[in-house]
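FYI, it's all coordinate maths here, none of it is from the lab. Model, not experiment: these values are computed from the prediction. Quick reminder, even Gly has a Cβ in these numbers, built from the backbone with ideal geometry, and neighbours come from all protein chains shown.
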Amino acid sequence: MDSERLHEQFMERIRRGEKIEATDWMPDDYRKLLLKFIQMHGVSEIMGAFPEKEWVPKAPTLRRKLGIMSKVQDEMGHGQLLLRVAEELGAPLGVTREQLITDIFTGRTKFHNVFHMASPTWADAGVIGWLVDGAAIVSQAALLDTSYAPYARVLKRICAEESFHMQHGESIILSLAEGTQAQRQMLQDALNRWWDSLIFFFGPPEISESARRMMEYRIREKTNEELRQKFLSRYVPRIRSLGLTVPDPNLHFDESTGKWVYTQPDWEKFGRMVRDNTGPKSQERIALRRQAHEGQAWVREAMTRSTAVPVGV
Amino acid sequence: MQLKEAEGLYHPYEVFVQYDHLAHHQHVGSVLAASPDIALQLARENFLRRDKAVNIWVVRKDHIHATPYDVPEFFANEFDKDYRRVDGYADNARRWKAFKQKALHIEDIVNDLEKGG
């Protein structure tokens, strides 16, 4: 069958709402868009553990230390599940797990803007858990019905664990909000630091060419702006009810359009930071990731020599 | 050593978790590992950070035999099979009524037994 005919049949399947499996025929364009998207998602989970892991040794109580440690572990686990999906998608293109990871050092894959930023106080750890995870949950939940079934199955598991992350983040910021003036100020300062990054997180309001194609393939169904609006509707009232101020004097809900109006972040500045890895913490965290990957190469080699001994023997 | 050179040594393993003794193993996902024992460890770390379980199987992906997705005829039900199902006998309840009895379901029997005595 010629490829044009196959492509048309594939699009018919997509339009009928059918799910695509790894072994099904798919256009190269679909495979490459998905691969890039899932690789970025997976790599962002891994790089996303860095700003929080910095707080594991400094967490204020043992319970907080255990909580944030399990979150870091979950993020790494999500990275592994996603890279498995990416690996399988990339196999026909000769892409390996090794490459999916080393692409971080060579700058061939990007990770989310929020993970390039510093987390100088415990309140930053709280705001990451509350709002950065909140934003990530909005985007991930919007993908649960994605046309690529192996991705959808993994997202389902990830979202189940994110429900713990939501409670974990809220618990940290609630303690600070209930606390002393200094603690409340620390929370406000952290919110001020993160706000622009949070707005940027969802991406520019214009629909890019690749986003348009991903929507055609039903890889994703919502636009950046739709997701940002959902996030604002859900979180702005909660931020305000804690007595915090959103650091954007223009932010308001326009009743006539039914949409939030907000100050545009510096798209150019944040875009450059993600593209060139020039955020405040980009290079430091990439260096740590490289060190982990290269420093543990001997473990991966040793594992290839391990023999199949059943556990417990 | 680069993992690249180890290609062919690392394999995808499909992971099946048995959550309790009265349940069958359930497929939950896959891991990439160099041996079955490492795959078992990775499976525990990836899939059982919270849930309790009693057993894990890992099976090398290339050892799994599967039906193709593009042959739906394999799963075709050519005609109505309600004679095989409970809902094919929904009229029993109405007919028992004439004999002043209610429909009996397997859950009622299970409940009887759970009451003990």
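Brief remarks on what is shown
- Residue separation of residue B:83 and residue B:100 scaled by 0.36 nm, minus their Cα-Cα distance, works out to 3.6 nm of gained length.
- Lysine pair count for chain A [Cα-Cα under 13 Å; pairs on different chains or 8 or more apart]: 5
- Pairwise label distance in nanometres, residue A:76 with residue A:276, each label 7 Å out on the Cα-Cβ vector: 3.3
- Built amide H within the under 5 Å cut-off of residue A:148, gap 5+: A:20
- Residue A:180-residue A:210 FRET efficiency (beta carbon distance; Förster radius 60 Å; 0.05 resolution): 0.80
- Distance cut-off 19 Å, percentage of C-alpha pairs in chain B lying past it: 70
- Shape parameters for chain A, alpha-carbon atoms, Rg then Dmax in Å: 20.7, 70
- Cβ-based exposure ranking for A:166, A:214, in which fewest neighbours within 10 Å come first: A:166, A:214
- Note on chain A: GNM, Cα springs under 10 Å; of A:122, A:25, A:195, the largest mean-square fluctuation is that of A:25.
- Relative to the longest principal axis of the Cα atoms of chain B, the long axis of helix B:36-47 lies at roughly 60 degrees.
- Translational diffusion of the stretch B:8-63, estimated by Stokes-Einstein from the Kirkwood radius over alpha carbon pairs at 37 °C in a medium of 0.692 mPa s, is 293 µm² per second.
- Length released on extending from residue A:290 to residue A:6, taking residue separation times 0.36 nm less the Cα-Cα span: 98.1 nm
- Stokes-Einstein diffusion coefficient of the stretch A:1-109, Kirkwood radius over Cα pairs, 37 °C, 0.692 mPa s, in µm²/s: 204
- GNM result for chain B, Cα springs below 10 Å: residue of B:61, B:97, B:52 fluctuating most strongly: B:97
- Förster radius 25 Å - calculated FRET efficiency between residue B:70 and residue B:24, Cβ distance, rounded to 0.05: 0.40
- A Gaussian network model of chain A, with springs between Cα atoms under 10 Å, assigns the largest mean-square fluctuation among A:114, A:85, A:299 to A:299.
- Three-way shape call for the stretch A:53-193 based on the alpha-carbon gyration tensor, with the a/c threshold at 1.5: prolate
- Mean ellipticity per residue at 222 nm, deg cm²/dmol - from DSSP H runs of n ≥ 4 across the protein assembly as shown, formula -39500 (n - 2.57): -17500 deg cm²/dmol
- Inter-part distance, the stretch A:233-262 to the stretch A:148-219, computed on C-alpha centroids, equals 16 Å.
- Test item: A:157-164 mean partner chain Cβ contacts at 10 Å: 1
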